[in-house]
C-alpha cells in the first residue's frame, strides 16, 4: 500500500512540476516570425549548417532534421547526427505544434513528453531552401539548408540579423557535413 501512495505522490509531483515549468517558461519568442509560413513547403529534410551548441548536439556532425506530418496534424521531428568522438549515430524523435496560426513560423517542439521549447522560423528564402531558426531564448539558434552548404550572401544576412537580435554568433558551431 505504501508503494502505491509513493507512486501517486510522485505522479502528482511530476504533474505539478510540469504545470509550473510550462507556466513560468514562455514558449513564444519576442522576435517576429515568418508570416505566410507554408508548412507543406517546410516539410522534408534540412541540413544543419550552424548551431549554438547544447548538450544533445555536442560533438555531432552530419546533423539533419527531417520534418513530416503525423496523422494528428502535428509535425514529426526526426533529428539525427553522428558523434565525432564515438562514431555512433544519434537520433531524437519529437513533435512540433503551431503556437497560433499555421501560417506563422512560431512552433513549439517536444522531445521529452510534456516539455516544449520554442522553435521560431524567423527567416526563410522564397524557395524554402534556407532557414534561420531561433529558440525561445538566446541559447538556441540554427541555420538550416536543403543542401550541405549555404551561399555567403544568405549566411551573412542570417548572421547579421541574429546579431541584431542579440545572439552571440561568435559561439556558433559550424556543422561538419560529409
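Observations
- Which listed residue, of 77, 122, is free of Cβ contacts under 8 Å to residues at least 60 places away in the same chain and buried (at least 19 other Cβ atoms within 10 Å of the Cβ): 77
- Within segment 58-73, the residues that satisfy the criterion of being at negative phi and either out of contact with any strand residue (DSSP E or B) (no Cβ under 6 Å at 6 or more places or on another chain) or modelled with pLDDT under 95 (or both) are 58, 69, 71, 72.
- Positions within segment 132-156 being surrounded by 14 or more Cβ atoms within 10 Å (Cβ to Cβ), free of Cβ contacts under 8 Å to residues at least 60 places away in the same chain and either farther than 22 Å from residue 118 by Cβ or in contact with a helix residue (DSSP H, G or I) (Cβ under 9 Å, 6 or more places away or on another chain) (or both), in sequence order: 132, 154
- Taking segment 150-178 as the range and being under 20 Å from residue 60 (Cα atoms), at pLDDT 95 or above and touching a strand residue (DSSP E or B) at 6+ places or on another chain (Cβ under 7 Å) as the test, the residues that pass are 150, 171, 172, 173, 174, 175, 176, 177.
- Residues of segment 61-74 classified as over 19 Å from residue 177 (Cα atoms) and without any contact (Cβ under 8 Å) to a residue 24 or more places away in the chain, total: 4
The values are calculated or read from the model by the stated rules, or taken from the named source; none is laboratory data. Keep in mind that what you see is a predicted model, and the values were worked out from it rather than measured. Every residue, glycine as well, gets a Cβ built from its backbone with ideal geometry; the counts of neighbours run over all protein chains shown.
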